[in-house]
Amino acid sequence: MTRRAMRTGFVAAMVAVLSLSIAPVSSGGAVHPPDRPNGPPISWTACPIDASVDPEFVDPAVQCGSLTVPLDYDRPRSGTVDVALTRVPATNPDQRIGTVFVNPGGPGGSGADMVRNGFGSYLGEMLGGRYDVVGFDPRGVGGTAPIRCFADNDAAADFLNSQPVFPYERDQFRPFFDLWWDYGRRCSASGQPIVAHMSTADVARDLDRLRAAVGDRRLNYLGFSYGSYIGTTYANLFGRNVGRLVIDGVLDPRLFASGRQIESDRVATQLVLDEFLRLCDDAGDGCPFHTAEGSASRWERLAKSLREHPVDLTDGQRASYDGLIAVTLSALYAPEVWSGEDGFAFLLDQVADLALAEGDVDRSAVADGQQALLVRLGVAADEQKPYHFNGLDAFFGNHCADAEYPKGYQQWRAGDRFAAAGSRFGPAWWWGVAGCAAWPVNQDRYTGPWSTRTANPMLIVGNRFDPATDYAGAQASARLLRNSRLLTYEGWGHTAFGRSACVSDAVVAYLVDGALPAPDTRCAANPNPFLPTSARLSARSAHPQIGLPPTWPVLAGAR
């Protein structure tokens, strides 16, 4: 797994996670047109043409707009922020319920781009055309007062390429920490007004202004991954305004807000890798990485070998230990990319043949295989992408505003030892947030309590094997939120909506009809991904992919 390709792949693409909101209805009851709350209306117009985006991937149904909100809710006259929005209008206006807001989480992803690039029409169709689907960029992200700490994408790429994905050799730790400490200090002290006002609590306050602006008495929302934290924060700040609210790929808010997310991350990813390797062995010759030795043993030997002896490839690239961990972590987000000749198992097999001297492999084929996987994930580097993509800076601006981390180097080294005791993936997650060491939290962040009783029941969706937001997070949130229902997907990957037909149907029924699934509902896992295609496709597997961040998670701890 090559370091350079991974880094530049990050600069080209962003995590896709979601959060959306809907109309004013009581769960399980009849739908009534909402009273229009007080609030400035949004003016919707045709979206401007972005020359950097292939017209083939632009949804012509999308409209653009914005809403002006206070920069500082404690001092509303001290400045404003224009929240960037995109919308796909309801196609069934006679039965329109309201608005559903979508946002790709991360933190640092663009909900406006999510809707613009196809998810708006996809979701709108699933919901019977009864909602306007609206994407918004949280403050500091994309088109909403974007925070910028580099001159351009090339400068960000140079910064990332100057270091390993995460430190694992003795002489790497201090330089890595110092580099990210300086980044956090420089960016947080850059004088950009938005820096002090990027907490999720302020995002939730903006979301309540958006709810009012579209005329909905209550917010209905579907939040994926970090978007679950937006939803949970909103529910606890504005519980009386909750309509139908779904969170999928759920963070335990107590861990996330306190900087203790590593307690989950250090074990969650390994559980999914264990499943990947078990499924590979169950499929036998159907999985390229399988041998008589057993996939788990082979993967462990590969990791040990690359840690001790990185393998030179072509054009100055090499297969390295940090690259293996990063690409493995990223691929575990999406079982859809595990199989096939351009899939993760095939790439692993090539790397193992090369590193373990088990076969004759063209070194350039390994680099080509990784590029093919990045393309399949939808994140191949795009040198032409403009710098409105600010995912790295936006991640830290938001996450460091919310979560308090240690400040000193020795504390970070102790955290590394704790993370490594969980699995090989723990240090990748831990060092991915090192930029927060010198970044102060926002005064307006929300740290609990998290146990509100919302006006209407919430639906919480958890994957049994999720590499980024473990099942325990969904269970904890369901216990905390006293008026909620937990829906379990027994399968693999990051988030379940659109991946499991059972989950998708349950979410649609809840959003459209207010019908919660029965208590303790468990949706069966999709078939083994290494089985023939005809046997393993989910009824709703062909959707705009969400939550597939190849290098983002380990670069910045994103969800």
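The values are calculated or read from the model by the stated rules, or taken from the named source; none is laboratory data. This structure is a prediction, so every number in the text was calculated from the model and none was measured. A quick note on method: Cβ atoms are made from the backbone with ideal geometry, for glycine too, and the neighbour counts reach across all protein chains shown. Ligands, DNA and RNA are stripped out before the accessible areas are found, and what is left, the full protein with its side chains, is counted by its heavy atoms. Shrake-Rupley method; radii C 1.70, N 1.55, O 1.52, S 1.80 Å.
Read phi for every residue in the stretch 291-303 and hand back ³J(HN,Hα) as whole Hz from Karplus 6.51 cos²θ - 1.76 cosθ + 1.60, θ = phi - 60°, with x for Gly and Pro.
Each residue's phi maps through the Karplus curve to give 9, 4, 4, x, 5, 5, 5, 5, 5, 5, 5, 5, 4 Hz.
Using packing as a proxy for protection, rank 262-270, 365-373, 97-105 so that the peptide with the highest average count of other Cβ atoms within 10 Å comes first.
Peptide ranking by packing, descending: 97-105, 262-270, 365-373.
With each run of n ≥ 4 DSSP H residues scored as -39500 (n - 2.57), what mean residue ellipticity at 222 nm is computed for the chain after dividing by its residue count and rounding to the nearest 500 deg cm²/dmol?
For the chain, the value works out to -11500 deg cm²/dmol.
Once amide H atoms are built 1.01 Å from N in the peptide plane, which residues 5 or more positions from G223, or in another chain, come under 5 Å H to H?
Placed amide hydrogens put L20, V246, I247, D248 under 5 Å from G223.
What whole-number value in Å² describes the accessible area per residue of the chain for a 1.4 Å probe?
Value for the chain: 35 Å² per residue.
With unit charges on the beta carbons (Lys and Arg positive, Asp and Glu negative) and the dipole taken about the Cα centre of the chain, which residue among V327, G105, L486 sits farthest to the positive side?
So the residue we want is L486.
Going by a ≥ b ≥ c, the root eigenvalues of the Cα gyration tensor, does the chain fall in the rounded group (a/c under 1.5), the prolate group (a/b larger than b/c) or the oblate group?
prolate
To test your reading of the geometry: what angle, between 0 and 90 degrees and rounded to tens, separates the Cα axis of helix 3-12 from the longest principal axis of the chain?
Taking Cα atoms only, the helix is inclined about 20 degrees.
Pairing the Cα long axis of helix 391-402 with the longest principal axis of the chain, what angle in degrees results, from 0 to 90 and rounded to the nearest 10?
70 degrees
Please list, in chain and number order, the residues 5+ apart from L71 or on another chain whose amide H is under 5 Å from its amide H, with Hs placed from the backbone.
G79, T80, V81
Using amide H atoms built 1.01 Å from N in the peptide plane, name the residues 5+ places from R318, or on other chains, whose amide H lies under 5 Å from its own.
R3, R4, L313
Could you give the dipole magnitude of the chain about its Cα centre, charging the beta-carbon of Lys and Arg +1 and that of Asp and Glu -1, in debye to the nearest 20?
The calculated dipole for the chain is roughly 2100 debye.
Could you tell me whether the stretch 417-459 comes out rounded, prolate or oblate from its Cα gyration tensor? Rule is a ≥ b ≥ c as square roots of the eigenvalues, rounded for a/c under 1.5, then prolate if a/b exceeds b/c, otherwise oblate.
Oblate, because a/c is 1.5 or more while a/b does not exceed b/c.
Exactly which trypsin sites (Lys or Arg not before Pro) in the stretch 419-495 are in a DSSP loop and have at most 13 other Cβ atoms within 10 Å? Mind showing how you got there, number by number?
Values: sites: R424, R445, R453, R464, R479, R482, R485; in loops: R424, R445, R453, R482.
Loop-located and lightly packed - R453, R482.
Using the Karplus curve 6.51 cos²θ - 1.76 cosθ + 1.60 with θ = phi - 60°, what ³J(HN,Hα) values do you get for each residue of the stretch 420-425, in whole Hz, with x for Gly and Pro?
Values, residue by residue: 5, 5, x, 5, 5, 7 Hz.
Could you please put M198, M114 in sequence from largest to smallest accessible area, using a 1.4 Å probe?
Sorted by accessible area, descending: M114, M198.
Provide the packing ranking of 249-260, 279-290, 398-409, i.e. peptides ordered by the mean count of other C-beta atoms within 10 Å per residue, highest first.
Per-residue mean Cβ counts within 10 Å order the peptides as 249-260, 398-409, 279-290.
Output ³J(HN,Hα) for the stretch 405-419: one whole-Hz value per residue in order, computed from phi by the Karplus curve 6.51 cos²θ - 1.76 cosθ + 1.60 with θ = phi - 60°, and x for Gly and Pro.
Those phi angles translate into 10, x, 9, x, 4, 5, 5, 5, 5, 5, x, 4, 5, 5, 5 Hz.
State the percentage of accessible surface on the chain attributable to carbon and sulfur atoms; use a 1.4 Å probe and exclude ligands, DNA and RNA.
Carbon-and-sulfur percentage of accessible area, whole number: 49.
Rounded, prolate or oblate: pick one for the stretch 221-290, where a ≥ b ≥ c are the square roots of the eigenvalues of its C-alpha gyration tensor, a/c under 1.5 means rounded, and failing that, prolate if a/b is larger than b/c, else oblate.
Note, shape of the stretch 221-290 comes out oblate.
Angle check, please: helix 344-355 long axis (alpha carbons) against the longest principal axis of the chain (alpha carbons), in degrees 0 to 90, nearest 10.
It works out to around 30 degrees.
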